[in-house]
1. Taking the condition closer than 30 Å to F193 by Cα, buried (at least 18 other Cβ atoms within 10 Å of the Cβ), touching a residue at least 60 places away in the same chain (Cβ under 8 Å) and not polar (S, T, N, Q), does G86 pass?
2. Here is a list: V301, V323. Which entry is within 26 Å of L121 (Cβ to Cβ), hydrophobic (A, V, I, L, M, F, W, C) and loosely packed, with under 15 Cβ neighbours inside 10 Å?
3. For the range 222-244, what are the residues that are assigned to a loop (DSSP other than H, G, I, E, B), among the small types (G, A, S) and under 26 Å from L280 (Cβ atoms)?
4. List, please: which pairs have Cβ atoms under 7 Å, are six or more places apart or on different chains, and start with a residue in the range 26-51 that is without any contact (Cβ under 8 Å) to a residue 60 or more places away in the chain and in a helix (DSSP H, G or I) and end with one that is buried (at least 19 other Cβ atoms within 10 Å of the Cβ) and of a type in the set (K, R)?
5. Which ones in the range 256-299 are part of a strand (DSSP E or B), of a type in the set (G, A, S) and over 17 Å from Y133 (Cα atoms)?
6. If we keep just the residues of the range 242-269 that are within 21 Å of W292 (Cβ to Cβ) and small (G, A, S), which is surrounded by the fewest Cβ atoms within 10 Å (Cβ to Cβ)?
7. Which residues, counting only those in the range 179-221, are assigned to a loop (DSSP other than H, G, I, E, B), aliphatic (A, V, I, L, M) and exposed (fewer than 14 other Cβ atoms within 10 Å of the Cβ)?
8. Quick one: which helices (runs of 4 or more DSSP H) lie wholly within the range 59-118 and hold at least 2 residues that are in contact with a helix residue (DSSP H, G or I) (Cβ under 8 Å, 6 or more places away or on another chain) and under 29 Å from V169 (Cα atoms)?
Amino acid sequence: MSGGVDSTLTARLLLEQGHEVIGFSLALGFGPDEALSAAPLVARQLGLAHQVVDASGPFLERVLLPTVAARNQGLTPNPCVLCNAGVKFPLLWHAARDRGCQMLATGHYCRLADGPEGRLLAEADELKKSQAYFLARLDRDLLKYLLFPLGDQSKARVRREAAARGLAVAEKPDSQDACFLPAGGWDELINRFGEPRPGPMVDRDGRWLADHRGLHHFTVGQRKGLGITGPAPSYVLSLCGRTAAVTVGPVQGLMADTVWAERPLWHRPPLQGELLAARLRSTQTPAPCRVWREEDGVKAVFNDPQRAVTPGQLAVFYKCGQVVGSGFITKAE
């Protein structure tokens, strides 16, 4: 329970279905930890027992430090992906089992589908709100113990259903920023757990254009905040972890049709050259591609060039809306 409308309505729906429900919230130890103040109030309104699970140590070790290190190497990781697989779901399920629970439910917008390969994650009915991408690295053995009651609902309907039940959080805004960021944002976090890496900003031929204050300020595809002017807009084309150089250039330099990823996790290993769909970031519409499993990772060749493929992000592969597997992007051509 985060204290938001999604997890609150989830708990209420489960109560209406006759389940015995206990609320759990994670204490990350970083950021405002809003759930620790909001969730107990929601639990009280629903008449639920509520327990806070201390996740500060695992969150620091498995999410925060790796994220800071990756950003300082010119990568753009997705902390939510790391947290869901390495902290949130394992710790919540452990706490739930200790209390005698048989299932773990969350307010994520995704579905579970049973097929010949067993249970798989699947996109939510409302594709633009689907959060299956963020859960793609979950241990598949855990899927049999999960429930996602909102997978067939739209966000608008969730708010209507919450309002109809008199839930105080019906109109509570969704959180927009990373939940663990301090008031000073990434600058404060990098200064606390690492050191900023200033370096040169160069064009595609390696010519110096300016100096920048830190590699963590940039990501592939970025246009704003570059501090340079020219006859045409410039975009971040690549980041070099070795030299801390930021390469910028025209928008055409952002296009790539071949993508490589490492540390693949397959829920259902694809055939070599199988036609799948892939999201290369959470907000992207799945795009058709052919996938080849390689010794050290996976290669995907897209039907159409993709814009701003970003090393460090997760590539998630789907077949008919079901999650086949995923890997962390290393490069694109």
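The values are calculated or read from the model by the stated rules, or taken from the named source; none is laboratory data. From a predicted model like this one, the values you see are computed outputs, not experimental measurements. Ideal geometry is used to build each Cβ from the backbone, glycine not excepted, and the neighbour counts take in all protein chains shown.
1. Details: closer than 30 Å to F193 by Cα: yes; buried (at least 18 other Cβ atoms within 10 Å of the Cβ): yes; touching a residue at least 60 places away in the same chain (Cβ under 8 Å): no; not polar (S, T, N, Q): yes.
Here the answer is no, as G86 does not meet what is asked.
2. Among V301, V323, only V301 is within 26 Å of L121 (Cβ to Cβ), hydrophobic (A, V, I, L, M, F, W, C) and loosely packed, with under 15 Cβ neighbours inside 10 Å.
3. G225, A232, S234, G241, A244
4. Note: pairs meeting the criteria are L46/R12.
5. Listed by number, the residues that qualify are A256, G297.
6. Only one residue fits best here, namely A256.
7. First, the residues of the range 179-221 that are assigned to a loop (DSSP other than H, G, I, E, B): 179-184, 194-198, 203-207, 213-214, 218-221.
Checking the rest, the ones that are also aliphatic (A, V, I, L, M) come to 181, 183, 220.
Passing the criteria: only A183.
8. So the answer is 79-83, 89-98.
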